[in-house]
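Right, one structure below, let's go through it.
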Amino acid sequence: MAEGVLMLNVSDPPPSIHHTSSQERHSSQRKWTEKKPGTGKRKASFGNPENNSAKQRKTNTSDQDLNLKNETESRHKPVILASKSASKPKASPKKGHGEDKGHDRPFIKTSSLFRNNPEIPEVVSPAVTQLKEKVFTSNSFEELDLHPHLVATLNKLFLVTSMTSVQKETIPVLMSGKDAVVRSQTGSGKTLAYGIPLVQSLQAVRPKVKRSDGPLAIVIVPTRELAQQSFQIFQKLLKPFTWIVPGVLMGGEKKKSEKARLRKGINILISTPGRLVDHIKNTLSIAFSAVRWLVLDEADRTLDLGFEKDLTVILNALNAAGPARQNVLLSATLTEGLSRLASISMTDPVYIQVSDVDGSLKAAEPTPQTALQPDLTDSYAIPDKLQQHMVVVPSKLRLVCLAAFILAKCKFEKSQKLIIFVSSCEAVEFLVTLLSTVLCGKPSTTSKHQPPISFLRLHGNMQQEERMEVFQEFSQSNTGVLLCTDVAARGLDLPQVTWIIQYNPPTSAAEYVHRVGRTARIGAKGNGLLFLSPSETTYIDVLAKHNISLHEMKMNDILSSLKQDERFRGRGKWDSRRSAGAQEQEVRERATVLQTDFENYVHGSAESVQAAKKALQSFVRAYTAYPSTLKHIFHIRNLHLGHAAKSFGLRDAPKGLSAATANSKEKKKGKGKDVKRPLKKLTSRERVASLIRSEYSSGLDGESKSKKKRKKKKTNMENTEGKDVMEQ
Ligand SMILES: Nc1ncnc2c1ncn2[C@@H]1O[C@H](COP(=O)(O)OP(=O)(O)OP(=O)(O)O)[C@@H](O)[C@H]1O
């Protein structure tokens with residue numbers, strides 16, 4: 001069996017699984033059932049980091065049990081969610097919730113949130129020298145030998161005049177016809193760094209490019225939203241050059257209409273890898289004989305486990321058909337592994353990356369050892385104005401801590417726009433419903449006219465049309481909260497995001513960099529907050545190895561913001577001159593009221609209990625997907641199931657939770673198509689690949705389902721793609 005895979009099967013005797021409320025008070029020794037290779041099933045008592053010694057517990061037992069009966073009964077009514085997109089969550093509140101039944105529902109007391117938690121360790125973030133990269137240069141686009149209409153488009157449509165560092169280095173290299181490997185920080189303008197020379201080169205082709213020439217450039221990106229975003233950038237860049245037609249292919253769109261567009265002709269083809277492979281295999285009219293540019297944006301992701309095969313098919317198809325072409329690889333986190341691909345698919349590429357000396361970007365001409373400088377490949381440049389924070393939160397308190405943070409930002413501060421990264425689609429669905437219902441459900445007594453917080457969701461299991469709607473809605477809004485999976489981690493340029501919250505830690509330092517890079521773009525300010533449980537705090541050492549340093553925020557400071565919200569007042573009458581201990585007690589009481597609200601909502605209907613269990617299960621499954629290099633930090637045996645259950649509003653750890661069953665259900669739906677074995681038998685690399693595929697799926701798997709549901713009207717894409725629209 002793979003390293004430390006947890007057996008949490010229904011067949012296991014219940015006492016082996018941790019439970020929270022009454023059980024935890026009596027069991028000082030918690031036991032997991034774990035199977036070790038060759039030893040058969042055995043029961044083992046682990047030094048669970050969340051399993052406190054009696055001494056540690058003493059520190060947390062000062063709080064009283066709270067009699068919350070009056071406070072918690074009928075606390076909130078289910079509401080229609082605040083925003084259009086968030087108004088359609090799957091597990092929407094329905095009759096049957098305790099709140100609807102009012103006094104009929106028996107009161108169930110929330111077990112103490114603040115007892116039996118692991119001690120929060122002292123966290124010392126190692127000192128690191130952060131790699132800094134200058135964003136802007138004083139050089140203007142006029143200095144380059146670009147078509148004047150292209151320069152005018154940049155000035156008037158993109159409102160940009162001076163080049164960023166990565167543009168200054170990359171554009172001349174690509175205009176000279178060379179291949180390039182480009183690494184520069186998130187939000188530094190890499191899209192235009194390849195888009196400008198690409199358009200400059202195609203507009204100069206004589207005789208003029210015709211639609212019927214088919215693709216001259218192929219741009220591969222990992223997600224549909226990024227494909228759409230890149231397509232829109234090309235539409236703008238090509239405004240003066242109406243004879244060159246851009247087009248996008250991506251999962252979730254009607255293949256038939258994509259085929260028709262391919263037949264008519266697309267000159268700059270932007271696609272997710274899976275969808276392009278599908279057309280290579282099934283669309284006769286796709287021809288690569290004219291392709292002279294290949295761009296792999298977010299190249300490290302595109303080359304990742306999940307997409308490796310797709311990329312091989314694409315490269316083979318291009319190599320078989322096309323003339324010599326220019327190749328470009330770009331990302332904020334290109335590592336040395338990329339050099340391998342560069343060496344087989346590129347000709348003497350120029351490496352462009354930040355210099356550690358002065359923060360400027362440098363282009364390194366090919367040498368016999370051409371590669372990203374090994375001493376720099378592990379260090380990721382983080383935007384200068386990005387404030388990075390972390391908070392250590394015991395599992396039981398995660399949900400209230402997240403909720404308190406959201407309230408602090410979105411209710412008591414102005415113009416805050418948050419992205420919250422969560423490890424699974426099911427958990428995103430569940431949390432959006434839970435948070436929007438509980439946090440917006442009860443009218444505030446202090447601010448009656450305050451608009452509700454807008455919660456949106458984005459993940460790989462959503463219908464394509466809705467994904468696009470959410471993406472556009474969140475892009476255009478000035479405030480709100482987007483809960484999402486890593487499907488939104490790469491490349492998306494969402495304006496004015498003020499906070500990135502990583503509620504579940506990412507599976508690599510590179511993913512950390514991309515997630516947090518959705519804020520502080522192009523010289524703007526931004527903030528990041530990483531949630532870690534006490535057993536996960538050594539993750540900061542992993543990040544430090546990549547020159548990433550975080551400042552600690554205290555959980556209690558976040559929770560204290562609940563004091564501003566009268567809805568969570570509890571039963572206490574708090575004196576303004578009270579002692580520090582009394583203040584702490586007030587915070588605890590308010591947090592408990594909020595947790596009780598969550599639990600009352602969840603246990604108010606069988607449907608929401610089911611949704612919570614599903615979300616918990618998917619969280620556990622995602623926890624098994626951390627790569628083996630991080631297993632010493634994120635090991636499933638470190639999870640306390642009862643405490644984790646609380647963070648999904650469940651009063652107790654559900655029985656019969658299995659890390660494997662979620663995967664087998666996914667199999668039936670056709671996800672993880674390359675992996676035939678049950679999840680528990682997969683290697684950790686395969687588990688990561690399987691999860692990545694399901695998140696970044698090009699949409700082929702979901703096609704039949706989406707076909708049934710999709711309306712007949714033409715999609716935005718079909719209406720806006722192509723010459724006709726660009727001429728409008
Ligand atoms: N020269 C420039 N001057 C001002 N703004 C620019 C310039 N070039 C690009 N931008 C803007 O910077 C933002 C970020 O650009 P882009 O999305 O290309 O970054 P990126 O480096 O690809 O980021 P990521 O690594 O996250 O994909 C965009 O809003 C873009 O319009």
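The values are calculated or read from the model by the stated rules, or taken from the named source; none is laboratory data. Remember, predicted model here, so these are calculated numbers, not experimental data. Using ideal geometry, Cβ is built from the backbone for each residue, glycine included, and neighbour counts are taken over all protein chains shown. Please note that ligands, DNA and RNA were not included when accessible areas were found on the heavy atoms of the full protein model with its side chains. Shrake-Rupley method; radii C 1.70, N 1.55, O 1.52, S 1.80 Å.
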Selection from segment 209-227 of residues that are in contact with a helix residue (DSSP H, G or I) (Cβ under 9 Å, 6 or more places away or on another chain) and either assigned to a loop (DSSP other than H, G, I, E, B) or within 16 Å of the ligand (Cβ to nearest atom) (or both): Val209, Gly214, Pro215, Leu216, Val219, Ile220, Val221, Pro222, Thr223, Arg224, Glu225, Ala227
Residue within segment 156-166 that is outside the structural domain of Ser535 (by TED's automatic domain parsing), part of a loop (DSSP other than H, G, I, E, B), touching a residue at least 24 places away in the same chain (Cβ under 8 Å) and open to solvent by 70 Å² or more (accessible area, probe 1.4 Å) present: yes
Any hit, segment 543-554, residues being surrounded by fewer than 21 Cβ atoms within 10 Å (Cβ to Cβ) and among the hydroxyl-bearing types (Ser, Thr, Tyr): yes
Filter result (under 10 Å from the mean Cα position of the chain (by Cα), over 18 Å from Ala227 (Cα atoms) and among the β-branched types (Val, Ile, Thr)) within segment 482-521: Ile500, Ile501, Val516
Any hit, segment 185-202, residues being surrounded by fewer than 16 Cβ atoms within 10 Å (Cβ to Cβ) and either over 24 Å from Val350 (Cα atoms) or more than 16 Å from the ligand (Cβ to nearest atom) (or both): no
Among the residues listed as Pro240, Pro246, the single one being under 23 Å from Ala152 (Cβ atoms), out of contact with any Lys or Arg (no Cβ under 9 Å at 6 or more places or on another chain), open to solvent by less than 10 Å² (accessible area, probe 1.4 Å) and not aromatic (Phe, Trp, Tyr): Pro246
Scan of segment 593-622 for residues that are of a type in the set (Ser, Thr, Tyr) and open to solvent by less than 10 Å² (accessible area, probe 1.4 Å), ordered by number: Thr596, Tyr601, Ser608, Ser618
Residue in segment 414-425 that is open to solvent by 10 Å² or more (accessible area, probe 1.4 Å) and touching a strand residue (DSSP E or B) at 6+ places or on another chain (Cβ under 8 Å) present: yes
Pair list, Cβ < 7 Å and 6+ apart or interchain, from segment 192-211 residues that are within 15 Å of Ala290 (Cα to Cα) to residues that are outside any loop (DSSP other than H, G, I, E, B) and open to solvent by less than 50 Å² (accessible area, probe 1.4 Å): Leu198/Ala217; Leu198/Trp293; Leu202/Ala217; Val209/Leu202
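Condition check ((1) within 25 Å of Leu311 (Cβ to Cβ); (2) part of a strand (DSSP E or B); (3) hydroxyl-bearing (Ser, Thr, Tyr)) across all residues:
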residue	(1), (2), (3)
Ile171	no, no, no
Val181	yes, yes, no
Gln185	yes, no, no
Leu198	yes, no, no
Ser201	yes, no, yes
Pro240	no, no, no
Gly251	yes, no, no
Arg261	yes, no, no
Selection count where residues are hydroxyl-bearing (Ser, Thr, Tyr) and within 16 Å of Val248 (Cβ to Cβ), scope segment 269-289: 3
Leading residue by the ranking (farthest from the ligand (Cβ to nearest atom)) among those in segment 497-513 that are over 14 Å from Val422 (Cα atoms) and not in a loop (DSSP other than H, G, I, E, B): Trp499
Counted residues, segment 119-138 - those being surrounded by 15 or more Cβ atoms within 10 Å (Cβ to Cβ) and either within 13 Å of the ligand (Cβ to nearest atom) or within 25 Å of Ser230 (Cα to Cα) (or both): 5
Residue check for Leu303: within 16 Å of the ligand (Cβ to nearest atom), over 23 Å from Gly177 (Cα atoms) and in the same structural domain as Val219 (by TED's automatic domain parsing): yes
Identity of the residue in segment 472-496, surrounded by 24 or more Cβ atoms within 10 Å (Cβ to Cβ) and outside any loop (DSSP other than H, G, I, E, B), that ends up nearest to the ligand (Cβ to nearest atom): Ala488
Any hit, segment 523-540, residues being touching a Phe, Trp or Tyr at 6+ places or on another chain (Cβ under 6 Å) and within 11 Å of the ligand (Cβ to nearest atom): no
